[in-house]
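See structure below.
The values are calculated or read from the model by the stated rules, or taken from the named source; none is laboratory data. The structure presented is a predicted model; accordingly, all values stated were derived computationally and were not measured. Here Cβ is always computed from backbone atoms with ideal geometry, including for glycine, and neighbour counts include all displayed protein chains.
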Amino acid sequence: MNFTQFDFHQKIAAGIRACNYETPTPIQEQAIPAILEGRDILGLAQTGTGKTAAFVLPILQRLLNGPRGKVRTLIVAPTRELAEQIHGDITRLARQTGLRSVAVYGGVGKLAQIKRIRAGVEIVVACPGRLLDHLRDKTFNLSKVEHLVLDEADHMFDMGFLPDIRRILNYMHGERQTLLFSATMPDEIRHLAEEILNGPVRVQIAHSKPTATVAQVLFSVEQNNKTSLLKDIMATTNMASTLIFTRTKHRAETLARQLQKAGYAATSLQGNLSQQKRQQALSGFKRGDFKVLVATDIAARGIDVTGISHVINYDVPATVDAYTHRVGRTGRASRTGEAFTFAGREDRKIISQIERSLGSKLVWNNVPGLSAEMPTFTPAKEPAGKKPWLKAKRSRPGRARAGRPAFKFAKSEGGDKQEAPHVRPGKAGSRQKRRRRAAMLDSGSGNLFLNP
Ligand code: AMP
């Protein structure tokens with residue numbers, strides 16, 4: 001199957017080629033024909049499934065006919081980063097069509113947004129708060145909107161935006177096509193969907209599970225040993241591009257600084273930064289200037305960076321959804337990735353909720369000297385032969401199990417100086433790296449936990 005089946009206009013087909021999309025993803029296969037027909041959509045889709053192009057491409061096709069310079073599509077997203085992301089995708093896919101979009105969000109001046117809109121755009125991608133400001137200021141109106149997209153609706157709900165969404169809906173009258181995408185379906189979103197969607201086509205892709213291409217590993221670790229464990233993992237694992245999540249802004253900032261001191265090209269993305277700094281951090285990470293980005297959940301929503309090889313949950317996320325979103329930042333568009341989660345005793349409740357949602361048990365990996373005391377868990381069975389990364393990671397199990405861990409872990413994080421001095425990023429030889437890695441992964445249950 002390829003994109004020719006949708007019969008897109010050649011100007012849109014050029015955008016698809018420019019993005020190097022060859023085969024439609026499952027959500028694109030399901031959603032594109034229905035959107036082209038003008039149907040409403042209720043999309044239950046996880047991150048990294050190609051959801052954005054699934055709604056952008058057919059909307060572009062429908063916008064090719066009709067007036068230019070009027071706001072005919074409104075896309076509402078919960079965060080600035082996601083709004084920028086969608087706007088960027090539109091810009092790439094619509095390059096040849098002459099259709100224009102603008103991203104509208106707070107934290108930056110209104111004037112540039114007003115100028116852009118007044119110069120004529122067909123698509124507005126907006127966060128709810130700033131959009132309402134513009135609507136109240138009468139910068140533009142929604143009277144000509146033919147397509148409304150609510151993206152990541154469950155996160156808009158989590159972030160308290162539902163009243164704003166209802167206010168925005170009050171500015172809209174007349175016929176329109178409405179597309180609502182959400183990774184989960186809490187009651188409030190179900191009610192909203194029932195109210196605003198008209199005979200929707202339901203599109204559902206692997207609801208609430210990280211993509212199967214992500215290997216997930218859980219490390220049992222005491223809170224004050226997390227940075228030591230992180231540095232050891234980073235020194236012994238081949239990581240192309242790593243996204244680390246912390247619970248607080250302060251912790252993201254501090255950890256990024258510690259990693260910089262340890263010689264890593266790291267930066268942070270968190271709410272204490274100005275919009276300009278956030279953008280710089282994200283662009284630098286996308287370009288590969290920063291190999292490590294330490295972020296909080298809110299700041300990281302909608303981050304779409306292809307090629308993130310590792311996601312590390314330095315702090316366990318507060319909800320199962322947040323876990324799904326974080327882990328979904330790697331393994332995107334069918335690439336493989338690894339997600340490491342650092343957890344202690346206090347995290348057991350959320351870990352079992354995550355396990356229930358995954359439908360499989362996670363295995364605690366203990367690291368000598370660093371692990372939290374955990375009850376004994378039954379190791380999960382490895383699905384033999386299916387996961388190529390298992391082989392690579394467990395290349396020398398015998399050595400590690402023989403009770404001679406190949407490297408020392410520092411006992412505490414009292415300061416960077418206490419950490420094993422010989423562990424230097426990029427300096428360990430591959431043999432040494434393999435040993436360390438084998439020691440880490442085999443020291444507990446000896447298993448990775450995997451999403452079957
Ligand atoms: P999304 O779920 O929209 O955030 O998309 C995840 C990633 O998949 C983005 O980097 C897209 O550019 C990419 N993508 C979307 N559709 C395709 C496709 N048909 N083939 C390959 N990559 C795609």
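Here 67, 24, 78 are screened, and the one residue that is of a type outside the set (Phe, Trp, Tyr), over 17 Å from the mean Cα position of the chain (by Cα) and within 15 Å of the ligand (Cβ to nearest atom) is 24. For region 287-384, the helices (runs of 4 or more DSSP H) that sit wholly inside it and include 2 or more residues that are touching a helix residue (DSSP H, G or I) at 6+ places or on another chain (Cβ under 8 Å) and modelled with pLDDT of 75 or more are 320-327, 348-358. Filter region 257-275 down to the residues that are in a helix (DSSP H, G or I) and modelled with pLDDT of 85 or more, then identify the one that is farthest from residue 107 (Cα to Cα). Out of the qualifying residues, it is 261. Being more than 9 Å from the ligand (Cβ to nearest atom), buried (at least 16 other Cβ atoms within 10 Å of the Cβ) and touching a residue at least 60 places away in the same chain (Cβ under 8 Å) holds for only one residue in 35, 16, and it is 35.
In the set (1) in contact with a helix residue (DSSP H, G or I) (Cβ under 6 Å, 6 or more places away or on another chain); (2) more than 9 Å from the ligand (Cβ to nearest atom), residue 89 fails one condition alone, (2). Test residue 99 against the stated conditions and say whether it is modelled with pLDDT of 95 or more and touching an Asp or Glu at 6+ places or on another chain (Cβ under 6 Å). Yes, satisfied.
Among the numbered conditions (1) near the ligand (Cβ under 9 Å from one of its atoms); (2) under 16 Å from residue 90 (Cα atoms); (3) in contact (Cβ under 8 Å) with a residue 60 or more places away in the chain, the only one that residue 56 does not meet is (3). Hey, among the residues in region 1-13 that are in a helix (DSSP H, G or I) and of a type outside the set (S, T, N, Q), which one's nearest to the ligand (Cβ to nearest atom)? For region 1-13, the residue satisfying everything is 3.
For region 40-53, filtered to residues that are in contact with a helix residue (DSSP H, G or I) (Cβ under 9 Å, 6 or more places away or on another chain) and more than 7 Å from the ligand (Cβ to nearest atom), the residue that is modelled with the lowest pLDDT is 46.
Evaluate region 119-127: report whether one residue or more is buried (at least 16 other Cβ atoms within 10 Å of the Cβ) and assigned to a helix (DSSP H, G or I). No, because not a single residue in region 119-127 is buried (at least 16 other Cβ atoms within 10 Å of the Cβ) and assigned to a helix (DSSP H, G or I). Against the definition (in the same structural domain as residue 315 (by TED's automatic domain parsing), of a type in the set (Gly, Ala, Ser) and more than 13 Å from residue 312 (Cα to Cα)), how does residue 199 come out, yes or no? No, not satisfied.
Can you tell me which residue within region 277-292, out of those that are in contact (Cβ under 8 Å) with a residue 24 or more places away in the chain and away from the ligand (no atom under 16 Å from the Cβ), is farthest from residue 231 (Cα to Cα)? Filtering first and then ranking leaves 279. Of all residues in region 237-255, those satisfying the criterion of being closer than 22 Å to residue 224 by Cβ and within 19 Å of the chain's Cα centre (by Cα) are 242, 244, 245, 246, 247, 248, 249, 252.
Just one residue in the set 153, 103, 119, 112 is among the aliphatic types (A, V, I, L, M), free of Cβ contacts under 8 Å to residues at least 24 places away in the same chain and within 30 Å of residue 319 (Cβ to Cβ); that residue is 103.
You will find that of 90, 123, 117, the residue that is within 25 Å of residue 329 (Cα to Cα) and modelled with pLDDT of 95 or more is 90 and no other. Regarding residue 349, is this residue away from the ligand (no atom under 16 Å from the Cβ) and not assigned by TED's automatic domain parsing to the domain that holds residue 125? When the stated conditions are applied, residue 349 passes them.
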